Amino acid sequence: QLQLVESGGGLVQPGGSLKLSCTASGFTLSNYAIAWFRQAPGKAREGVSVISSSGSHTRYAASVKGRFAISRDNTKNTVHLQMNNLNPEDTGVYLCAAVRDYYGYYSDFDGGSWGQGTQVTVSS
C-alpha cells in the first residue's frame, strides 16, 4: 500500500520559517519524483515545488522561488520543504505527491500517490 504522510505544519508569524516533511511507506521513494502542492479556501490548488527522483533537478513556483527549498533524503524515504520568509499568502494545506518517474510537470502528479496534507497558517 503506497502511503505518503506530511508533517511539520503549524502557525507561524509573517517572516517566520517552517520545515515540512513528506515520508513514504510501502514503496522506495528514490524511484519517484515528488511534488509539493498547496490549497487555500477560495483559491485553486497550485504547484509549489518539484524534485526529481535523484534530487538533481528542482523547480519552484515563481511566488516561492528564493524563499522555499525542496530537498530529499532517499535513505530515509523523506522529502522536505524548507519555507522561509513566510507571508500570509503562503497559508494553506500543503500536500505532497509522488509519481514513479525521474521528473515531471505538476499535471503528471494527478495520477500519482498523495498524502492527506498538513496545515500551514501564517498570521500575526
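Measuring from the lowest to the highest alpha carbon on each principal axis, how far does region 1-59 reach, largest first, in angstroms?
Over region 1-59, Cα extents along the principal axes are 35, 24, 23 Å.
How much length is gained if the chain between D73 and A44 is pulled fully straight, taking 0.36 nm per residue apart and subtracting their Cα-Cα distance, in nm to one decimal?
Result for the pair: 7.5 nm of gain on full extension.
Taking the mean number of other Cβ atoms within 10 Å as a proxy for protection, how do you rank 92-99, 77-84 from highest to lowest?
Per-residue Cβ counts within 10 Å, averaged per peptide and sorted highest first, yield 92-99, 77-84.
Could you name the lysines in cross-link range of K76, using Cα to Cα under 23 Å and dropping any fewer than eight places away on the same chain?
K76 reaches K19.
Sticking to Cα atoms, compute the Rg of the chain to one decimal and its Dmax as the biggest Cα-Cα distance, whole number, in Å.
Here Rg and the maximum Cα pair distance are 13.4, 40 Å.
Grab the Cα-Cα distance for T58 and T28, subtract it from 0.36 nm times how many residues apart they are, and report the gain in nm with one decimal.
Roughly 8.9 nm would be gained on extension.
When the chain is treated as a GNM, springs tying every alpha-carbon pair under 10 Å, which of P41, P88, P14 comes out with the largest mean-square fluctuation?
Taking springs between Cα atoms under 10 Å, the residue moving most is P41.
What accessible area per residue, rounded to a whole number of Å², is obtained for the chain using a probe radius of 1.4 Å?
Dividing the accessible area of the chain by its residue count gives 49 Å².
Taking 0.36 nm per residue of sequence separation and subtracting the Cα-Cα distance, how much length would be gained by fully extending the chain between Y105 and E89, in nm to one decimal? List each step's numbers first, then the result.
Details: separation 16, 0.36 × 16 = 5.76 nm, distance 2.31 nm.
Result for the pair: 3.5 nm of gain on full extension.
Output the antiparallel fraction of DSSP beta bridges having both residues in the chain, as a percent to the nearest 5.
Percentage antiparallel, nearest 5: 90.
Round to a whole number: what % of the accessible area of region 44-124 belongs to carbon and sulfur, probe 1.4 Å?
Percent of accessible area from carbon and sulfur atoms in region 44-124: 47.
Taking the Cα atoms of region 65-124 alone, what are Rg (to one decimal) and Dmax (as a whole number) in Å?
In order Rg, Dmax, the Cα atoms of region 65-124 give 13.2, 40 Å.
Using Cα pairs closer than 8 Å and at least 6 residues apart in sequence, work out the relative contact order for the chain, in percent. Could the numbers behind the result be given before it?
Working: 319 pairs, mean separation 45.2, N = 124.
Dividing the mean separation by the residue count of the chain yields 36 percent.
The values are calculated or read from the model by the stated rules, or taken from the named source; none is laboratory data. The model shown is predicted, which means the values in this text are computed figures rather than measured ones. Glycine also receives a Cβ, built like all others from the backbone with ideal geometry; neighbour counts cover every protein chain displayed. For the accessible areas, the whole protein counts, side chains as well, though only heavy atoms, and no ligand, DNA or RNA atoms are used. Shrake-Rupley method; radii C 1.70, N 1.55, O 1.52, S 1.80 Å.
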